[in-house]
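Single-structure report; data block below.
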Amino acid sequence: MAYTDLFNETLDDLATVLGTITGLRVVTNPQNINPPCVFLDAPSFEAFNGNIVKMSFPIKVIGNGPGTLENMRNLLNISSKLLTKNVAVTDGQPGSVTIGAQEFATYNLNINIQGQAA
């Protein structure tokens, strides 16, 4: 089913922009997480009216494995590419996520984006 509402179109727009980064796999469905990748988690939003919203997307940059120096450098490299992509990355911090029984290093970022209905 194609969703064409304000929120889903904003999600799709962000995923499309991030997907233009060479070699970066962008995932919006948690069932499709397969590291390394960038996962766009469920956003929070602030509505200005029925046509304009500010959405804040928690982004997980998920590495190849546990928190080694090599993984941290790779996560920082990917985070830097996101930062320079002209999207509003407001902050980031290291973290981890467990997928199945394996723990993966992450960098958790927040991206703010304005959504507007046509």
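The values are calculated or read from the model by the stated rules, or taken from the named source; none is laboratory data. A quick note: this is a predicted structure, and the numbers were derived from the prediction, not measured. Positions of Cβ are generated from backbone atoms using ideal geometry, with glycine treated the same way; all protein chains shown enter the neighbour counts.
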* Asked: Restricting attention to region 1-21, and to residues there that are over 18 Å from A118 (Cα atoms) and aliphatic (A, V, I, L, M), which single residue is surrounded by the fewest Cβ atoms within 10 Å (Cβ to Cβ)?
  -> M1
* Given (1) polar (S, T, N, Q); (2) farther than 18 Å from R25 by Cα; (3) in contact with a Lys or Arg (Cβ under 7 Å, 6 or more places away or on another chain), where does Q102 come up short, assuming only one miss? -> (3)
* If you check every pair at least six apart or on different chains, which have Cβ atoms under 6 Å apart with a residue in region 14-35 that is among the aliphatic types (A, V, I, L, M) first and a residue that is part of a loop (DSSP other than H, G, I, E, B) second? -> A15/T28; V26/G19; V27/I33
* So which residues in region 41-100 are assigned to a helix (DSSP H, G or I) and without any contact (Cβ under 8 Å) to a residue 24 or more places away in the chain, if there are any at all? -> L69, E70, R73, N77, S80, L83
* Considering only residues of region 1-52 that are closer than 17 Å to T106 by Cα and among the β-branched types (V, I, T), which is farthest from the chain's Cα centre (by Cα)? -> I33
* **Subset of region 70-96 [farther than 16 Å from F57 by Cβ and among the hydrophobic types (A, V, I, L, M, F, W, C)]** => M72, L75, L76
* How about region 1-36: which of its residues are part of a loop (DSSP other than H, G, I, E, B) and closer than 21 Å to V97 by Cβ? -> G19, I21, G23, L24, R25, T28, N29, I33, N34, P35, P36
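Condition check ((1) more than 21 Å from T4 (Cα to Cα); (2) not polar (S, T, N, Q)) across all residues:
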{"position": "K54", "(1), (2)": "no, yes"}
{"position": "L69", "(1), (2)": "yes, yes"}
{"position": "L76", "(1), (2)": "yes, yes"}
{"position": "S79", "(1), (2)": "yes, no"}
{"position": "D91", "(1), (2)": "yes, yes"}
{"position": "F104", "(1), (2)": "yes, yes"}
{"position": "Y107", "(1), (2)": "yes, yes"}
* Structure fact -> When region 29-52 is checked residue by residue, the ones that are β-branched (V, I, T) and modelled with pLDDT of 95 or more are V38
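Residue-by-condition table, conditions (1) crowded, with 17+ Cβ neighbours inside 10 Å; (2) in contact with an Asp or Glu (Cβ under 9 Å, 6 or more places away or on another chain); (3) at pLDDT 95 or above; (4) among the hydroxyl-bearing types (S, T, Y):
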{"residue": "N64", "(1), (2), (3), (4)": "no, yes, no, no"}
{"residue": "G100", "(1), (2), (3), (4)": "no, no, no, no"}
{"residue": "L109", "(1), (2), (3), (4)": "yes, yes, yes, no"}
{"residue": "G115", "(1), (2), (3), (4)": "yes, yes, no, no"}
